[in-house]
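K.L.:
I have a structure I would like to understand better, so I am pasting it below and will then ask my questions one at a time.
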Amino acid sequence: MLLSKAYLAHEPSDYIDGAFRPLSGDGIVTRDPARPSSVVWSGTPVATHAEDAVAAARRALPAGSALSHDARRAHLERWRETCVKHAARLAAAISREIGKVKWEAELEAKIVAEKVTITLEDRVLARVAGFEVAAGAGKTGVCTFKPHGVMSVLGPYNFPAHLPNGHIVPALLLGNPIVFTPREKGASVGQLLAELAHEAGFPAGVFNVVQGGGAIASRRATHPEADGVLFTGSFPVGRRILEANLDTPGRLIALE
């Protein structure tokens, strides 16, 4: 029996357009670092799921762009509440799959919700608040902020919930749908984030999770329908992502 059954509500799955799509096989297998013979999560990535997820995010973009700031904030507040409610599940997933000791896993689970609190502070929101400036006699200059588009989020394994969440929360606050691909060593943690997002009630297509190894992650990093790539990981991989996107005008690249 997969150990992730203790904290996941669904069989190994991707999460696309508000629905879970089961995965079978053993293309990705994660194991308990303390008991390597114990399988935590197992599933084979499906390349077409990545394409479907980007398409779903693209469809969700117009409605997400039209949402008011207060509506987006309300979605994130529900996300925070859900993460607080299920912090023990999230900590169990992090500890079991990544091998963190209990106190460190619990700390990471806690700061997933706290990231929302920090992002919604007035001093942070001021950075993306519209404003007006005098532009000459009888003229006023107006600055407004709008969503950039579909964001590809590529997560690391060492902080499989906290670090991608650091990209996801600001993206969603500004109306950018996301497609998150967890590092294959943290597959069940990524799926659990999808389950929590589903419970939090994000609109279909706004929050998508697609499992994948290097090939799918590479495709996601250069997908023509992705408007931005948000990545946390090694310098060599980050450099390859940057170089692969140098000739793509308007694409946002955030490497951490």
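K.L.:
Scan segment 25-61 for residues that are among the polar types (S, T, N, Q) and buried (at least 17 other Cβ atoms within 10 Å of the Cβ) and jot them down. Quick ask: steps written out before the conclusion?
P.N.:
The first filter runs over segment 25-61 and keeps only residues among the polar types (S, T, N, Q), leaving 30, 37-38, 42, 44, 48.
Within segment 25-61, 30, 42 qualify.
K.L.:
Can you name the residue in segment 32-85 that is touching a residue at least 24 places away in the same chain (Cβ under 8 Å) and polar (S, T, N, Q) and, of all such residues, is nearest to residue 214 (Cα to Cα)?
P.N.:
42
K.L.:
Given the criteria at pLDDT 95 or above and open to solvent by 60 Å² or more (accessible area, probe 1.4 Å), does residue 75 qualify? Walk me through how you get there before you give the answer.
P.N.:
Values: at pLDDT 95 or above: yes; open to solvent by 60 Å² or more (accessible area, probe 1.4 Å): no.
No; evaluated as a whole, the condition is false for this residue.
K.L.:
Further question: Does residue 199 meet the test of being farther than 29 Å from residue 88 by Cβ, among the acidic types (Asp, Glu) and open to solvent by 20 Å² or more (accessible area, probe 1.4 Å)?
P.N.:
Numbers: farther than 29 Å from residue 88 by Cβ: no; among the acidic types (Asp, Glu): yes; open to solvent by 20 Å² or more (accessible area, probe 1.4 Å): yes.
For residue 199, the condition - farther than 29 Å from residue 88 by Cβ, among the acidic types (Asp, Glu) and open to solvent by 20 Å² or more (accessible area, probe 1.4 Å) - is not met.
K.L.:
Which of the following residues is surrounded by fewer than 21 Cβ atoms within 10 Å (Cβ to Cβ), over 19 Å from the mean Cα position of the chain (by Cα) and among the charged types (D, E, K, R): 81, 11? Spell out how you get there, then give the answer.
P.N.:
Numbers: 81 fails: over 19 Å from the mean Cα position of the chain (by Cα).
One residue alone meets the criteria, 11.
K.L.:
Filter segment 207-232 down to the residues that are open to solvent by 20 Å² or more (accessible area, probe 1.4 Å) and either acidic (Asp, Glu) or farther than 28 Å from residue 26 by Cα (or both) and list them by number.
P.N.:
224, 225, 227, listed by residue number.
K.L.:
Say we look at segment 7-44 and pick out the residues that are among the polar types (S, T, N, Q) and touching an Asp or Glu at 6+ places or on another chain (Cβ under 6 Å); which of these is farthest from residue 206 (Cα to Cα)? Please lay out each step first, then the result.
P.N.:
In the first step, residues of segment 7-44 are kept if they are among the polar types (S, T, N, Q); the result is 13, 24, 30, 37-38, 42, 44.
Filter once more, so that each one left must be touching an Asp or Glu at 6+ places or on another chain (Cβ under 6 Å): 30, 38, 42.
Numbers: 30: 27, 38: 34, 42: 25 Å.
Out of the qualifying residues, it is 38.
K.L.:
While we're here: Quick one: would you say residue 199 is out of contact with any Leu (no Cβ under 9 Å at 6 or more places or on another chain) and either at pLDDT 95 or above or under 30 Å from residue 100 (Cα atoms) (or both)? Give the derivation first.
P.N.:
Values: out of contact with any Leu (no Cβ under 9 Å at 6 or more places or on another chain): yes; either at pLDDT 95 or above or under 30 Å from residue 100 (Cα atoms) (or both): yes.
Answer is yes for this residue.
K.L.:
Sticking with this structure for a sec: Considering 109, 105, 92, 88, which residue is touching a residue at least 12 places away in the same chain (Cβ under 8 Å), in contact with a helix residue (DSSP H, G or I) (Cβ under 9 Å, 6 or more places away or on another chain) and exposed (fewer than 14 other Cβ atoms within 10 Å of the Cβ)? Working first, answer last.
P.N.:
Working: 109 fails: exposed (fewer than 14 other Cβ atoms within 10 Å of the Cβ); 105 fails: exposed (fewer than 14 other Cβ atoms within 10 Å of the Cβ); 92 fails: exposed (fewer than 14 other Cβ atoms within 10 Å of the Cβ).
Answer to the check: 88.
K.L.:
Restricting the search to segment 135-190, which residues are part of a strand (DSSP E or B), open to solvent by 50 Å² or more (accessible area, probe 1.4 Å) and among the polar types (S, T, N, Q)?
P.N.:
In the first step, residues of segment 135-190 are kept if they are part of a strand (DSSP E or B); the result is 140-143, 151-154, 178-181.
Remaining after also requiring open to solvent by 50 Å² or more (accessible area, probe 1.4 Å): 140, 142.
Selection gives 140 alone.
K.L.:
Among 84, 124, 112, which is among the aliphatic types (A, V, I, L, M) and in contact with a Cys (Cβ under 6 Å, 6 or more places away or on another chain)? Even if it seems obvious, please write down each step before you answer.
P.N.:
Numbers: 84 fails: in contact with a Cys (Cβ under 6 Å, 6 or more places away or on another chain); 124 fails: in contact with a Cys (Cβ under 6 Å, 6 or more places away or on another chain).
None of the other options fit; the residue is 112.
The values are calculated or read from the model by the stated rules, or taken from the named source; none is laboratory data. This is a predicted model, so every value here is computed, not measured. In this analysis, Cβ positions are derived from the backbone assuming ideal geometry, glycine residues included, and neighbour counts consider all displayed protein chains. The accessibility values were calculated without ligands, DNA or RNA, using every heavy atom of the protein model including side chains. Shrake-Rupley method; radii C 1.70, N 1.55, O 1.52, S 1.80 Å.
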